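A short write-up of the structure that comes next.
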Amino acid sequence: MKGTEKPDYARVVDICTRDSLRELATPGLLAVFAPIAVGFGLGVGALGAYLAGSIGTGTLMAVFLANSGGAWDNAKKFVEDGNYGGKGSDAHAATVIGDTVGDPFKDTAGPAINPLIKVMNLVGLLITPAIVAFALDGNERTSQIIAAIAVAMAAIIWLVLSLPSSAKLTIAGVIRRPTKFITLISGLMAGPAVSLKGSPTVSPIIVAA
C-alpha cells in the first residue's frame, strides 16, 4: 500500500474476469430458461407477449444506457477542453466519476442488451412448434412439467454458480460419492442452504458430513 512495489496486474484482471463471468450467469439463465418457462407454463400467447415486452423494454433501456453514457463521457471531455475550470478542477473530478459509470453504460451494458434480446427470441422461436403441438394434443400437463423443470434447472445452476469456490469443490467431491450426494440434496431441500448473496448459511459440508 506504500506504492513501493509493482502491482500484480494479471491477478486484478483475473479477479475482474471471474466476477464478470459469474455475474453474467443470471442474465444468461434468464435469456434461455425464461422463454421456456413462460411458453410451456402459460402458452404461446403469453410467450409472444413476453418476447414483445422484452424487445420493447430492452430497446428503450439500450437507448437510455447509450445516451446517458455518452453524455457523461462527453461532459468529461468538455471540461478537459478548458471549460468550468479544466483539468484538476472540482468539475473535472466530478465528470471523471461520472465517466466511470458512463463508459460501461455506452460500451458494454447498452450493447449487451442486443444479444440478450436475440437469445430470448431465438429460444422462443425454437420452442414454439413444441408448445403448439402440446397445446393441440391436449398435453397441458406435460407442458407445465417442462416449465417446472426449466425453472428448477435455472435455480440449481444459479445456486451452484453463486457458491464460493470452496463450496463448489466440496460439492464436486460429494457428487462422486452417491450416498453423500443424496444426503447433500436432502439437506439443501430441507431448509435455506444458501443466502441470496451466495454465502452459505447452512454449509453443504456440514450437511453431507
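Below are the figures for this structure:
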| quantity | calculated |
| --- | --- |
| Verdict on residue 76 being farther than 18 Å from residue 114 by Cα and at pLDDT below 85 | no |
| Cβ-Cβ under 8 Å pairs, at least 6 apart or on other chains, the range 4-23 side under 29 Å from residue 157 (Cβ atoms), far side assigned to a helix (DSSP H, G or I) | 22/161; 22/162 |
| Selection within the range 44-54 - under 20 Å from the mean Cα position of the chain (by Cα) and surrounded by 13 or more Cβ atoms within 10 Å (Cβ to Cβ) | 50, 51, 54 |
| Candidate set: the range 39-56, residues that are out of contact with any Gly (no Cβ under 6 Å at 6 or more places or on another chain) and aliphatic (A, V, I, L, M); chosen: the one farthest from residue 131 (Cα to Cα) | 55 |
| Scope the range 7-43; condition surrounded by fewer than 12 Cβ atoms within 10 Å (Cβ to Cβ) and either acidic (Asp, Glu) or under 30 Å from residue 137 (Cβ atoms) (or both); matching residues | 8, 14, 19, 23 |
| Residue within the range 9-17 that is within 18 Å of residue 116 (Cβ to Cβ) and of a type outside the set (Asp, Glu) present | no |
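The values are calculated or read from the model by the stated rules, or taken from the named source; none is laboratory data. The structure displayed is predicted, hence computed values, not measured ones. Cβ sites come from the backbone with ideal geometry, for glycine too, and all protein chains shown count toward neighbours.
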